[in-house]
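Before any comments, here is the structure.
The values are calculated or read from the model by the stated rules, or taken from the named source; none is laboratory data. Being a predicted model, the structure only gives us computed values, none of them experimental. Positions of Cβ are generated from backbone atoms using ideal geometry, with glycine treated the same way; all protein chains shown enter the neighbour counts. Calculation scope for accessible area: heavy atoms of the full protein, side chains included, ligands and nucleic acids excluded. Shrake-Rupley method; radii C 1.70, N 1.55, O 1.52, S 1.80 Å.
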Amino acid sequence: HPSIKMTSIMKLYQVVGRKAPTKTDENPPAYRMKLFARNEVMAKSRFWYFMHQMRKMKKTTGEILDVNEIVEKNTRYVKNYGIWVKYNSRSGTHNMYREYRDISINRAVETLYNDMAGRHRSRNKSIQIIKTATVAAKDCKRVSTLQMHNNKLRFPLPHRIMRPTSKQVRSLYNASRPSTHFQ
């Protein structure tokens, strides 16, 4: 369907829900859950999925009190994120800790889902994020994250082609090949 947009990035939602009030229990306890989803509808769906596993309640016997998107305060610099994951593979259930460097937790989780699909062939529905945290540089464990903590890290551009400033000064034929090797 053309109106369904599946390329949107994962967002962090806070969903608050409870069992619907009855005559015997007029004020049931509310449960708050933070979860990643592409939109509010999927966030509510995941909330009921997890609540049905943990408590004796489901969508037909409960109510959603509030759904809020949690936006990160500062996305101007790169941070290290640690993500604790439980996922179902073809052979069983596995726990995992993964580290990513990104400017926001939403983008780090998006990378996690793509990484898990590529490395472990796991679908989004079979991945459960248990916990996320911003990890200090000294506490990082993974080599892929540690290699980016070098102060002298450089990304040289070895094959640069000099372009003319405008079309008028461009020569159609050149006597010598361009030198693309720069120090």
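Yes/no per residue for (1) open to solvent by less than 70 Å² (accessible area, probe 1.4 Å); (2) touching a strand residue (DSSP E or B) at 6+ places or on another chain (Cβ under 6 Å); (3) closer than 13 Å to Ile83 by Cα; (4) assigned to a helix (DSSP H, G or I):
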{"residue": "Leu112", "(1), (2), (3), (4)": "yes, yes, yes, yes"}
{"residue": "Asp115", "(1), (2), (3), (4)": "yes, no, yes, yes"}
{"residue": "Arg119", "(1), (2), (3), (4)": "no, no, no, yes"}
{"residue": "Ile130", "(1), (2), (3), (4)": "no, yes, yes, no"}
{"residue": "Gln147", "(1), (2), (3), (4)": "no, no, no, yes"}
{"residue": "Phe155", "(1), (2), (3), (4)": "no, no, no, no"}
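Go through the range 86-136 residue by residue and tally those that are without any contact (Cβ under 8 Å) to a residue 24 or more places away in the chain and among the β-branched types (Val, Ile, Thr).
2
Which residue, of Lys56, Lys19, Lys23, Lys11, is touching a Gly at 6+ places or on another chain (Cβ under 6 Å) and either in contact (Cβ under 8 Å) with a residue 40 or more places away in the chain or over 19 Å from Lys131 (Cα atoms) (or both)? Show your work before the answer.
Working: Lys56 fails: touching a Gly at 6+ places or on another chain (Cβ under 6 Å); Lys23 fails: touching a Gly at 6+ places or on another chain (Cβ under 6 Å); Lys11 fails: touching a Gly at 6+ places or on another chain (Cβ under 6 Å).
Just a single option satisfies the conditions, and that option is Lys19.
Kindly indicate whether Asp115 is touching an Asp or Glu at 6+ places or on another chain (Cβ under 9 Å) and within 26 Å of Leu146 (Cβ to Cβ).
Numbers: touching an Asp or Glu at 6+ places or on another chain (Cβ under 9 Å): no; within 26 Å of Leu146 (Cβ to Cβ): yes.
For Asp115, the condition - touching an Asp or Glu at 6+ places or on another chain (Cβ under 9 Å) and within 26 Å of Leu146 (Cβ to Cβ) - is not met.
Counting only residues that are aromatic (Phe, Trp, Tyr) and part of a helix (DSSP H, G or I), which one in the range 32-50 is nearest to Arg107 (Cα to Cα)?
Phe47
If you go through the range 94-101 one residue at a time, do you hit one that is under 19 Å from the mean Cα position of the chain (by Cα), surrounded by fewer than 11 Cβ atoms within 10 Å (Cβ to Cβ), at pLDDT 95 or above and under 16 Å from Ile127 (Cβ atoms)?
Yes; the residues of the range 94-101 include at least one that is under 19 Å from the mean Cα position of the chain (by Cα), surrounded by fewer than 11 Cβ atoms within 10 Å (Cβ to Cβ), at pLDDT 95 or above and under 16 Å from Ile127 (Cβ atoms).
I need every pair where a residue in the range 144-173 that is touching a residue at least 24 places away in the same chain (Cβ under 8 Å) and closer than 27 Å to Arg98 by Cβ has its Cβ under 6 Å from the Cβ of a residue that is charged (D, E, K, R) and surrounded by 10 or more Cβ atoms within 10 Å (Cβ to Cβ), sequence separation at least 6 or different chains.
Listed by first residue and then by second, the contacts come to Thr145/Glu99; Thr145/Arg101; Met148/Arg101.
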